[in-house]
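What follows is a set of notes on a single structure, which appears directly below.
The values are calculated or read from the model by the stated rules, or taken from the named source; none is laboratory data. Remember, predicted model here, so these are calculated numbers, not experimental data. No Cβ is skipped: glycine too gets one built from the backbone with ideal geometry, and neighbour counts run over all protein chains shown.
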Amino acid sequence: MTATRTRITSDVDFDKDGKHNGWLRLPYSSNRSAHGNVCIPVTVVRNGSGPTILFAAGNHGDEYEGQIALVKLARALEPRSIRGRVIILPASNFPAAMAGLRNSPIDSGNLNRSFPGDPDGTPTEMIAHYIGAVLLPMADLFMDIHSGGNTLVFTPYAMARLSKGNRRKRECVAALRAFDAPLSQIQGDVAENRFASSIAETLGIIALAGEFGGGGQVSVPALQIVERGLRNLMIHMGVIEGSGTDQPSASARQTRFIRAKERTYASDRGLFEPFVQLGDRVIRDQPAGAIHFIDNPMRPPVTELFTGAGMVMCVRAPGQCERGDALFWLGEDCDVSEFER
Ligand code: CA
């Protein structure tokens, strides 16, 4: 491993064959523990040379399907059944995962707005730096598993960020097809570049993410999509051997590609009554929902309108909303053939 400067130490050997369970130790001096460490669980399963896959979840601590899928995978995966290496990080922002919160309770850090991070920064910035500078350079394929957390619910989809500069667009689309979620979102150029996937793109790694459920719950169908997809990806990369129904080509499903479009935002504070559900098709100027004023029942509700047409791919979870909260995201079908030539 290259001598990247980081204050985080690992008690697993990434380069040794076998199964290694341990912790990434992030020095954190706190009121509770003067010379303490934040211990972030990591599992490395390695068998000889071959591709490296990095699976991560708990980037946001209130997104549970990926965390559950990865602790199950970490327990189940054995070196004899793989070729190459699988690195599993089920609780990337560990303090956030333990608190069941999007952001870290110790520094308020949002890990997925913290890349490329800082080896001398806050704990969340140090984790971002370690993932980007130490873990990602080892990986041929990276998947960061998300959901809508406590405040959004997504119709489950895998996704890839395909910015203009992405050198692995074709491989990313092939990996999305292999993962085989019912939906796959293609994210084009976006202004936000502090995601884990932004660093993966810069490094030229095949990178996937995905939004699987949300609303502070564990979605059983979304968890099944994640677990099946992770297995499909390992087969796709040649890390495990697939047979029979494990083969993506043998499944009844075939992913449909979408692109995110308009979002609808709350224009007032109140109780949000959605008029549509996940997966519904809507048209421009269609009423999206109403905001009711429980402190003044005679005040007429505010009706929010969709600003475009498409499929509802995300809805706000809590009943209460404030001005500026995202209520809905829409998606539209997307042709990926340009990326597959
Ligand atoms: Ca997320």
For the range 10-45: of the residues being exposed (fewer than 12 other Cβ atoms within 10 Å of the Cβ) and hydroxyl-bearing (S, T, Y), which is farthest from L111 (Cα to Cα)?
S33
When residues of the range 14-29 are filtered for being touching a strand residue (DSSP E or B) at 6+ places or on another chain (Cβ under 6 Å) and in contact (Cβ under 8 Å) with a residue 24 or more places away in the chain, how many remain?
8
Residue check, S197 against (1) within 15 Å of the ligand (Cβ to nearest atom); (2) touching a Pro at 6+ places or on another chain (Cβ under 8 Å); (3) assigned to a helix (DSSP H, G or I), all met but one. Which one?
(2)
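Name the residue that is surrounded by the fewest Cβ atoms within 10 Å (Cβ to Cβ), counting only residues in the range 300-325 that are of a type in the set (A, V, I, L, M) and under 13 Å from S267 (Cα atoms). Walk me through how you get there before you give the answer.
The first filter runs over the range 300-325 and keeps only residues of a type in the set (A, V, I, L, M), leaving 302, 305, 309, 311-313, 315, 317.
Imposing the further condition that a residue be under 13 Å from S267 (Cα atoms) reduces the set to 302, 305.
Details: V302: 16, L305: 12.
Top of the filtered list is L305.
Picking from V173, V226, V220, V190, which residue would you name as being free of Cβ contacts under 8 Å to residues at least 12 places away in the same chain and either out of contact with any helix residue (DSSP H, G or I) (no Cβ under 8 Å at 6 or more places or on another chain) or among the aliphatic types (A, V, I, L, M) (or both)?
V220 is the lone residue from the list that is free of Cβ contacts under 8 Å to residues at least 12 places away in the same chain and either out of contact with any helix residue (DSSP H, G or I) (no Cβ under 8 Å at 6 or more places or on another chain) or among the aliphatic types (A, V, I, L, M) (or both).
Taking the stated definitions as given, is D180 more than 16 Å from the ligand (Cβ to nearest atom) and over 23 Å from E332 (Cα atoms)?
Numbers: more than 16 Å from the ligand (Cβ to nearest atom): yes; over 23 Å from E332 (Cα atoms): no.
No: the conditions fail for D180.
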What are the residue pairs meeting all of these: first residue in the range 319-341, first residue within 28 Å of D285 (Cα to Cα) and touching a residue at least 12 places away in the same chain (Cβ under 8 Å), second residue surrounded by fewer than 16 Cβ atoms within 10 Å (Cβ to Cβ) and among the aliphatic types (A, V, I, L, M), Cβ atoms under 7 Å, and 6 or more apart or on different chains?
G319/L271; Q320/L271
Expected output for the range 149-162 (first residue more than 15 Å from V220 (Cα to Cα) and touching a residue at least 12 places away in the same chain (Cβ under 8 Å), partner aromatic (F, W, Y) and away from the ligand (no atom under 13 Å from the Cβ), Cβ below 6 Å, 6+ apart or cross-chain) is A158/F179
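Take the range 85-94 and flag every residue that is in contact with a Gly (Cβ under 8 Å, 6 or more places away or on another chain) and either among the aliphatic types (A, V, I, L, M) or away from the ligand (no atom under 16 Å from the Cβ) (or both). Full working, then the answer.
Kept after step one, since they are in contact with a Gly (Cβ under 8 Å, 6 or more places away or on another chain), are these residues of the range 85-94: 85, 89-94.
The answer is R85, L89, A91.
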What are the pairs, 6+ residues apart or on separate chains, where a residue within the range 273-289 that is in contact (Cβ under 8 Å) with a residue 40 or more places away in the chain has its Cβ under 6 Å from a residue that is assigned to a strand (DSSP E or B) and among the small types (G, A, S)?
P274/G289
One residue is enough: does the range 117-140 have a residue meeting the conditions over 21 Å from A175 (Cα atoms), assigned to a loop (DSSP other than H, G, I, E, B), in contact (Cβ under 8 Å) with a residue 40 or more places away in the chain and within 16 Å of the ligand (Cβ to nearest atom)?
no
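Find the residue count for the range 2-33, including only residues that are under 21 Å from P116 (Cα atoms), part of a loop (DSSP other than H, G, I, E, B) and of a type outside the set (S, T, Y). Steps first, please.
Pass one, the range 2-33, residues under 21 Å from P116 (Cα atoms): 2-10, 24-28.
Adding the requirement that they be part of a loop (DSSP other than H, G, I, E, B) leaves 2-8.
From the residues that got through so far, the ones that are of a type outside the set (S, T, Y) too are 3, 5, 7-8.
Of the residues in the range 2-33, 4 are under 21 Å from P116 (Cα atoms), part of a loop (DSSP other than H, G, I, E, B) and of a type outside the set (S, T, Y).
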For N103, which of the numbered conditions (1) within 20 Å of T9 (Cβ to Cβ); (2) within 16 Å of the ligand (Cβ to nearest atom) fails to hold?
(1)
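State whether one or more residues within the range 207-214 are in a strand (DSSP E or B), within 16 Å of the ligand (Cβ to nearest atom) and touching a Cys at 6+ places or on another chain (Cβ under 6 Å).
Keep residues of the range 207-214 that are in a strand (DSSP E or B), which gives 207-214.
Add one more test, that the residue is within 16 Å of the ligand (Cβ to nearest atom), and what stays is 207-214.
Narrowing further to those that are touching a Cys at 6+ places or on another chain (Cβ under 6 Å): none.
Taking every residue of the range 207-214 in turn, none turns out to be in a strand (DSSP E or B), within 16 Å of the ligand (Cβ to nearest atom) and touching a Cys at 6+ places or on another chain (Cβ under 6 Å).
Would you confirm, using the coordinates I've provided, whether R113 is closer than 30 Å to R32 by Cα, under 15 Å from the mean Cα position of the chain (by Cα) and either within 15 Å of the ligand (Cβ to nearest atom) or surrounded by fewer than 23 Cβ atoms within 10 Å (Cβ to Cβ) (or both)?
Details: closer than 30 Å to R32 by Cα: yes; under 15 Å from the mean Cα position of the chain (by Cα): yes; either within 15 Å of the ligand (Cβ to nearest atom) or surrounded by fewer than 23 Cβ atoms within 10 Å (Cβ to Cβ) (or both): yes.
Yes.
Let's see how each residue does on (1) modelled with pLDDT of 95 or more; (2) of a type outside the set (A, V, I, L, M); (3) within 16 Å of the ligand (Cβ to nearest atom):
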| residue | (1), (2), (3) |
| --- | --- |
| C39 | yes, yes, no |
| I53 | yes, no, no |
| A57 | yes, no, yes |
| H60 | yes, yes, yes |
| E63 | yes, yes, yes |
| I68 | yes, no, yes |
| L77 | yes, no, no |
| R83 | yes, yes, no |
Every listed condition ((1) closer than 27 Å to G132 by Cβ; (2) in a loop (DSSP other than H, G, I, E, B)) holds for T202 save (2)
